[in-house]
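Note sheet for the following structure.
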Amino acid sequence: MASQSKNSGLTNKVTTVVATNAFGADVMSEISYTDAKVVGNGSFGVVFQAKMVPSNEMVAIKKVLQDRRFKNRELQIMRKLRHDNIITLKWFFFSSGEKRDEVYLNLVMEFLPETLYKVERQYARAKQTLPVNFVRLYMYQLLRSMGYLHSLGFCHRDIKPQNMLLDSETGVLKLCDFGSAKQLISGEPNVSYICSRYYRAPELIFGSTDYTTKIDMWSAGCVMSELLLGQLIFPGDSGVDQIVEIVKVMGTPTSEQLHDMNPHYKQFKLPELKPHPWSKVFRIRTPAEAIDLVSKMLIYSPNARVSPLMGCAHPFFDELRQDPHQQLPNGRSLPPLFNFTDYEKTIEPDTMPLLLPRAQGSSTTKEPSAAHRNRNTAGEESPRKTEDSQKPATAALSKSPGPSGKALESPPGFLQHDLGNGDHVAVGTMPMEPLTLEQNHFAAESYAVGEDAEDNLEEDVGDENDYDYDDGGQCNSTYISDDMDEASESDDDDFEEEDEN
């Protein structure tokens, strides 16, 4: 646990510590870093941005108070995770605090400069929404990370835009902050007061202690809805008001749905409302496939929600599979999206052929039927699309201003889909050469949003996230509300007892 500081002779102080390698055997070695600055803080501790010496690699260091009696679950979980869309833990070390016997755990992680929340807020300030093609790129990577995480039995329990790190230069998204994560074991109870309110699954609000990883799918559905709308879809002022906001959109849950969410739930009076058509919830130009995917994630009955990898196979993401030459606005290629590891291929073997780019899968895989692709994980056929949602989604979009106000050009002849008859229909011709920056459709479409959209997003930070966020800061947060302190104290599953030996 030794740590010391050395002055390198430079203006900035170099700190050298004895750290343990995060992956594999517990190999301890000296590491050095400099230019440490606070980029986030809250009840969980402090997050620093620092530069490794001599590699100059940027890292984030999360410093949390460690109880000697317990193992830190976040550390235990992060040491088991290795995925392109999950933040990587590199080293960890312990340091002494100002008080006697005070010990801090320091998690040294890779650094990404932005969060999805920060990018989303930039668009809200410009009274616009994130372009649909960025929604597609980021949601795909989120769902892929969740598929891996859930396959190991881990539930994140705090999916939200603030916990999704971005590198806009490369288009990479990585899930972060595993402070609320837990390995869920069937038959073992878990606290229901978990997850930030706006993204909290209804079974949690109804007090279920026997929930599954499907609570993360609900949260992901809330995130995707928020990106499409430019504001929160369920902006409840309290736990009770949260379910009211959900009912306003999805209608009053049936007795069967209530039983699916929590068999032990003692019903209180809910407003009797009919579900609002999903096509009316979103803006008129929102792609039908995007609305359909949201409808498969935001379902009252947890087991009926689509799995993460089946979500990745949804037609909304077909444009990623069908156009390998897409580029980001800076001219770079998209990040690796289909580099599935041997382990990932075993998670849902029957789904894997649906995830591969058409060029890869066409010789060995028959195009999946609409009936298969439009089924949820419970085997139920998805509801028939409304008249609005049967219209072809428009992928070749007209000029529209980006956050900077500059108009960006849409590409000519882009593949589109008409899912009304269950078939994929190519409209126009696919450009054979990589798209130029002027043609790049990744920044082509963003919708105008209401005047209060940014205020709506601001509420999420002020109400739910117990941290101060500096521009460019790393994402590590926890949540608070009126009764959160009591709930957190009662969450005795947050730590594991330290082995005696």
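A few comments on the model shown:
- Candidate set from the stretch 300-322 (those that are of a type in the set (G, A, S) and assigned to a helix (DSSP H, G or I)); member that is surrounded by the fewest Cβ atoms within 10 Å (Cβ to Cβ): A304
- Residue match in the stretch 276-291 (condition: under 16 Å from R157 (Cβ atoms), assigned to a helix (DSSP H, G or I) and in the same structural domain as F316 (by TED's automatic domain parsing)): no
- Filter result (within 22 Å of E169 (Cβ to Cβ) and in contact with a Leu (Cβ under 8 Å, 6 or more places away or on another chain)) within the stretch 301-331: E319, L320, D323, H325, Q326, Q327, L328, P329, N330, G331
- On inspection, L143 fails the criterion of being at pLDDT 95 or above, surrounded by fewer than 23 Cβ atoms within 10 Å (Cβ to Cβ) and not in a loop (DSSP other than H, G, I, E, B).
- Set V39, V53: member being touching a Ser or Thr at 6+ places or on another chain (Cβ under 7 Å) and among the β-branched types (V, I, T): V53
- Residue match in the stretch 252-272 (condition: surrounded by fewer than 19 Cβ atoms within 10 Å (Cβ to Cβ) and small (G, A, S)): yes
- Between S43, S8, the distinction of being surrounded by fewer than 19 Cβ atoms within 10 Å (Cβ to Cβ), at pLDDT below 90 and within 30 Å of the chain's Cα centre (by Cα) belongs to S43 only.
- Per the listing Y123, Y138, Y193, the residue uniquely over 13 Å from D216 (Cα atoms) and surrounded by fewer than 23 Cβ atoms within 10 Å (Cβ to Cβ) is Y193.
- Y265 meets all of the listed conditions (1) assigned to a helix (DSSP H, G or I); (2) over 19 Å from S196 (Cα atoms) but one, namely (1).
- In the stretch 218-236 there is no residue matching the filter, namely being over 25 Å from K280 (Cβ atoms) and either basic (K, R) or assigned by TED's automatic domain parsing to the domain that holds K280 (or both).
Condition check ((1) farther than 19 Å from E120 by Cβ; (2) in contact with a Lys or Arg (Cβ under 6 Å, 6 or more places away or on another chain); (3) in a strand (DSSP E or B)) across all residues:
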{"residue": "K174", "(1), (2), (3)": "no, no, yes"}
{"residue": "V191", "(1), (2), (3)": "yes, no, no"}
{"residue": "E203", "(1), (2), (3)": "yes, no, no"}
{"residue": "A220", "(1), (2), (3)": "no, no, no"}
{"residue": "L232", "(1), (2), (3)": "no, no, no"}
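- Subset tally (residues that are in a loop (DSSP other than H, G, I, E, B) and closer than 22 Å to V64 by Cα) for the stretch 180-189: 2
The values are calculated or read from the model by the stated rules, or taken from the named source; none is laboratory data. All figures in this text were calculated on a predicted structure; none of them were measured in a lab. Glycine also receives a Cβ, built like all others from the backbone with ideal geometry; neighbour counts cover every protein chain displayed.
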